[in-house]
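**Q** Sharing a structure below in structure tokens format, with a few things to ask.
The values are calculated or read from the model by the stated rules, or taken from the named source; none is laboratory data. What you are looking at is a predicted structure, and each value in this text was computed from that prediction instead of being measured. Note: ideal-geometry Cβ built from the backbone for every residue, glycine included; neighbour counts use all protein chains shown. These area figures cover heavy atoms from the full protein model, side chains too; ligands, DNA and RNA do not enter into them. Shrake-Rupley method; radii C 1.70, N 1.55, O 1.52, S 1.80 Å.
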Amino acid sequence: MKRERLLITGGAGFIGSAFVKEVLKNRFVLPVIVDKLTYAGDLSRLNEARGRYVFYKADIVDKQSLRPIFRKEKPKLIVHFAAESHVDRSIRDSGSFIETNIRGTQVLADLAREYKIKRFVHVSTDEVYGEARQGSFSESHPLRPSSPYSAAKAAADLLVSSYIRTHGFPAIIVRPSNTYGPWQYPEKLIPWAVLCALKNKKIPVYGSGQNVREWLFVGDCVAGILKALMRGRTGEIYNLGSSEERKNIEVAKSILELMHRKKRTGITFVKDRQGHDFRYKMDSCKIRNELNWKPLLSFGKGLRVTIEWYLDNQQWLLRKWRDIASFYHRE
Ligand SMILES: NC(=O)c1ccc[n+]([C@@H]2O[C@H](COP(=O)([O-])OP(=O)(O)OC[C@H]3O[C@@H](n4cnc5c(N)ncnc54)[C@H](O)[C@@H]3O)[C@@H](O)[C@H]2O)c1
């Protein structure tokens, strides 16, 4: 029996690679990965899945490179993760964010229409709503992105929504909250903090560390995206949040505690991020009620599992140190 081709963009990234491994639990599906392998892409994330997926190194902005892949593989389903994903980089230079996150989504959606894709899951983010000083945002809340990253993601959401309405494009938009877990590139808070602690450096925390995020374990994130792909209603948007709110300072302190480092001396407060959103919080009742999704791991358990993984895989983490230290000019 021919296995169903599922095209996954950004499948060498943090969440995309976890999604590929989740999909491989179903032997009737063959993941076809398209990834440019930017600084954030890394095929070693897929070592345990070697030989069980098809890989194309390609840029989603480049239609000429993508067309032969569509022609050969004839995918019927697409899950679109590929993006420039780091807010600080978007503040420094938004060019690649506009290209990949907006133009890349357009190119992909146009090819998906041309090749009559049955289902297209667009992976968005909670950051498109902007900051939630109070309460939580449902799927119908207006988009008020603050950073060039979230503005580019919001633009892509609006484009996909316009294709749904104008062309009857069979897309679903999923908006996960702050995702963490094994294999995350250590420019993001949790692996960055673990890396700093391993190097006996203080963990830099923005402002006074009061900013709040809704933390979602990567396994729960990919389970939600898979539910949306299998059973979500086309044309719909699904928030995917854990309700596990934590201040950045609490996260940094928990990491120091779990790594047996001193909490009082292991943190340094640095100049706040420009335009820093104070808090994100979504109402995720829709995916819980309609698709019967719920997070399986509490933040406490997820953080322990994550730190254990980084400690067991220190070489991978330490190899990224120079890259990141030079980005932040902190060596
Ligand atoms: N990490 C989070 O906390 C989080 C939360 C909500 C939503 N998201 C969204 O989930 C998706 C995946 O996030 P992630 O954390 O895994 O990101 P990531 O940065 O770890 O991975 C992105 C992947 O996309 C690839 N890529 C980048 N530009 C490309 C291009 N032009 N063509 C082809 N491939 C390209 C990279 O090589 C990399 O493998 C993104 O769309 C992101 O906006 C992430």
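**Q** Does Ser146 satisfy the condition of being part of a loop (DSSP other than H, G, I, E, B), within 15 Å of the ligand (Cβ to nearest atom) and either open to solvent by 10 Å² or more (accessible area, probe 1.4 Å) or over 26 Å from Arg71 (Cβ atoms) (or both)?
**A** Spelling it out, Ser146 is indeed part of a loop (DSSP other than H, G, I, E, B), within 15 Å of the ligand (Cβ to nearest atom) and either open to solvent by 10 Å² or more (accessible area, probe 1.4 Å) or over 26 Å from Arg71 (Cβ atoms) (or both).
**Q** So, one more: Any idea how many residues of region 167-190 are within 12 Å of the ligand (Cβ to nearest atom), farther than 12 Å from Trp309 by Cβ and not hydroxyl-bearing (Ser, Thr, Tyr)?
**A** 9
**Q** Related question: Hey, can you tell me all the residues within region 282-301 that are of a type outside the set (D, E, K, R) and either under 20 Å from Arg213 (Cα atoms) or not in a helix (DSSP H, G or I) (or both)?
**A** Met282, Ser284, Cys285, Ile287, Asn292, Trp293, Pro295, Leu296, Leu297, Ser298, Phe299, Gly300
**Q** OK, next. Taking only region 1-45 into account, find how many residues are outside any strand (DSSP E or B), closer than 23 Å to Ala228 by Cα and hydrophobic (A, V, I, L, M, F, W, C).
**A** 9
**Q** Can I ask one more? Criterion first (assigned to a loop (DSSP other than H, G, I, E, B), away from the ligand (no atom under 15 Å from the Cβ) and not hydrophobic (A, V, I, L, M, F, W, C)) does Lys116 satisfy it?
**A** Here the answer is yes, as Lys116 does meet what is asked.
**Q** Would you confirm whether any residue within region 198-213 is in contact with a Gly (Cβ under 7 Å, 6 or more places away or on another chain) and more than 16 Å from the ligand (Cβ to nearest atom)?
**A** Yes - at least one qualifying residue is present in region 198-213.
**Q** Tell me, which residue of region 1-28 that is surrounded by 18 or more Cβ atoms within 10 Å (Cβ to Cβ) and aliphatic (A, V, I, L, M) is nearest to Thr125 (Cα to Cα)?
**A** The selected residue is Ile15.
**Q** Which one is surrounded by the fewest Cβ atoms within 10 Å (Cβ to Cβ) among residues in region 214-224 that are of a type in the set (A, V, I, L, M) and near the ligand (Cβ under 9 Å from one of its atoms)?
**A** Going through the qualifying residues, I end up with Val218.
**Q** With respect to Ser65, is the statement that it is in a helix (DSSP H, G or I), over 23 Å from the mean Cα position of the chain (by Cα) and under 22 Å from Leu37 (Cα atoms) true?
**A** Considered against the rule, which asks whether it is in a helix (DSSP H, G or I), over 23 Å from the mean Cα position of the chain (by Cα) and under 22 Å from Leu37 (Cα atoms), Ser65 comes out as yes.
**Q** Here are the criteria: (1) near the ligand (Cβ under 10 Å from one of its atoms); (2) at negative phi; (3) under 19 Å from the mean Cα position of the chain (by Cα). Tell me which single one Leu37 does not satisfy.
**A** (2)
**Q** Of the residues Lys63, Lys57, which is open to solvent by 30 Å² or more (accessible area, probe 1.4 Å) and out of contact with any helix residue (DSSP H, G or I) (no Cβ under 6 Å at 6 or more places or on another chain)?
**A** So the residue among Lys63, Lys57 that is open to solvent by 30 Å² or more (accessible area, probe 1.4 Å) and out of contact with any helix residue (DSSP H, G or I) (no Cβ under 6 Å at 6 or more places or on another chain) is Lys57.
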